[in-house]
Amino acid sequence: MKAAVVYGINDLRLEEIEKPQIERDDQILVKIKAVGICGSDIHILHGANPFATYPRIMGHEMVGEVEAVGDNVKNIAIGDHIVVEPITYCGKCYACRKGMPNVCQQLKVSGVHVDGGMREYIVIAEKQAHKIKKDIPWTTAVLAEPYTIAGNVTTRTNISAGDKVVIQGAGPIGITILRMAKVKGATVLVTDMVDEKLAFAKENGADMVVNPSKENLIEAVKTWTDGEMANVVIDAACTPKTFEICFDLVSIAGTIGVLGMDEKPSNIPQIHFMKKQLTVVGSRLQAYQFAPVIRLMEAGYLKDDALVTHKFKFSDIKESFKLIEENPEKVKKAVLIFE
C-alpha cells in the first residue's frame, strides 16, 4: 500500500509499504478515506514540531471505512464509517485519573509519536474508532478532529450562554472555536491581521471582527463590552505577543485559553493574575470530545461551510504541501482524498 513518510526536514517520500494486519482481538483495520492537513503537519515536515520523531507517517485528522475487526470488537462492524481518535494513553497516571488523558504521561499522538493516517490503511484499537453516519461526506467528517480541539478549549474555558468571547486568530482552528463557541451560546469577537480571514469569520457567525493592524484592539474590546472586557479570551494565534495581550483583553474573573507551543517566554506581570483573579488554562488536543462533536455534526450544528477549500488526491500530496506553503492565504483547510 502507499504511504507518505517524512524522513527528515523537507524530506517527504510517497512509497510502498506493507499493509498492516490486525494483531490483537480488540483492533480494527480501517481503509482511510480522507486525511486533513494540519499546520502541525507542516511543522513536522520542517522539523519544527518539538514532539515529532522520524521517520514518520504524518496525519492525525483521519476518517475511513472499517474493513476488518478483531474477535473481541463489540461496537464496530465491517462497513462502518468512523472518525479516528488519534491519541492513546495509559489510563492510570495522574492526568488520566483526573480525566485528562490528552496529557497522559505515556501519551502517543498518531502522526507525531507514532505513524498516522497518511497511508491507505491503518490498524487501531476499537476505543479509537468513533462511528459517524454514512450520509456525512468524508470531507466534512474529517473536520471532526479539529472541532474536538475547539470542543476542548471551549470546555476548559467553561464557555456558556451569554459569555463575551474574544478569539485571536481566524485560521482553521480559530474558525472551529468560533463555531463551537456560538453553538454554546456565546457572543464572539474574532481578531486577525488578514481582512479576508476576518470576512470569513463574519460569514461563520462572528458578532464582531477586528484587525489589530488597523485599530486598537484593547479599545475595540472595551467598547464592544461596555467597558467590562471579554469574559473569555482564547489565543489561537499562538505567539508570545498575542498571549501577552490576552491579559489586557480579559475581564475581571475572566478566563484565558492557551493553545500555543511557542518556547519563547512572554512578559506577564503577576499583578494581572491577582488583581483580576484570572483563570489561565492550557488546552492540548482533546479529552472525550469526539462523541459530542460527532453528534453536533450529525445534527447539522457543525458543518464544513467552505472551511475545506482544497481537495487533493493522495498521490498529489507533495503538490498539496507546496500549495499550502507557497499560497497560505488561499488555503483554509486542505484534505487528501483516497480513492
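The values are calculated or read from the model by the stated rules, or taken from the named source; none is laboratory data. Predicted model only: the values in this text are computed from it and were never measured. Note that we place each Cβ from the backbone using ideal geometry, even for glycine, and neighbour counts take in every protein chain shown. Ligands, DNA and RNA are excluded from the accessible area calculation, which covers all protein heavy atoms including side chains. Shrake-Rupley method; radii C 1.70, N 1.55, O 1.52, S 1.80 Å.
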Filter result (surrounded by fewer than 13 Cβ atoms within 10 Å (Cβ to Cβ) and within 24 Å of residue 314 (Cβ to Cβ)) within region 79-95:
79
Which of the residues belonging to region 152-177 are surrounded by fewer than 24 Cβ atoms within 10 Å (Cβ to Cβ) and more than 20 Å from residue 287 (Cα to Cα)?
161, 162, 163, 164, 171
What's the total number of residues in region 204-227 that are closer than 23 Å to residue 148 by Cβ and open to solvent by 10 Å² or more (accessible area, probe 1.4 Å)?
2
First in region 93-106 and more than 16 Å from residue 156 (Cα to Cα), second anywhere and open to solvent by 100 Å² or more (accessible area, probe 1.4 Å), Cβ under 6 Å, 6 or more apart:
93/105
For residue 311, state whether it is basic (Lys, Arg), closer than 22 Å to residue 118 by Cβ and in contact with a Pro (Cβ under 9 Å, 6 or more places away or on another chain).
no
Restricting the search to region 98-146, which residues are assigned to a loop (DSSP other than H, G, I, E, B) and open to solvent by 50 Å² or more (accessible area, probe 1.4 Å)?
98, 100, 105, 106, 113, 115, 120, 133, 134, 135, 137
Only listed residue being at pLDDT 95 or above, surrounded by 12 or more Cβ atoms within 10 Å (Cβ to Cβ), more than 27 Å from residue 101 (Cα to Cα) and not β-branched (Val, Ile, Thr), chosen from 273, 290, 338
338
Considering only residues of region 317-335 that are open to solvent by less than 100 Å² (accessible area, probe 1.4 Å) and out of contact with any strand residue (DSSP E or B) (no Cβ under 8 Å at 6 or more places or on another chain), which is farthest from residue 194 (Cα to Cα)?
325
With the condition kept exactly as written, say whether any residue in region 68-78 is without any contact (Cβ under 8 Å) to a residue 24 or more places away in the chain, within 25 Å of residue 126 (Cα to Cα) and either of a type in the set (Phe, Trp, Tyr) or surrounded by fewer than 16 Cβ atoms within 10 Å (Cβ to Cβ) (or both).
yes
Residues of region 293-312 satisfying the condition of being in a loop (DSSP other than H, G, I, E, B), among the aliphatic types (A, V, I, L, M) and surrounded by 15 or more Cβ atoms within 10 Å (Cβ to Cβ):
302, 307
For a quick check of your reading: which strands (runs of 3 or more DSSP E) sit entirely within region 1-43 and have at least 2 residues that are touching a residue at least 60 places away in the same chain (Cβ under 8 Å) and open to solvent by less than 40 Å² (accessible area, probe 1.4 Å)?
2-8, 27-37
Does region 167-187 contain at least one residue that is in contact with an Asp or Glu (Cβ under 9 Å, 6 or more places away or on another chain), more than 25 Å from residue 279 (Cβ to Cβ) and touching a residue at least 40 places away in the same chain (Cβ under 8 Å)?
no
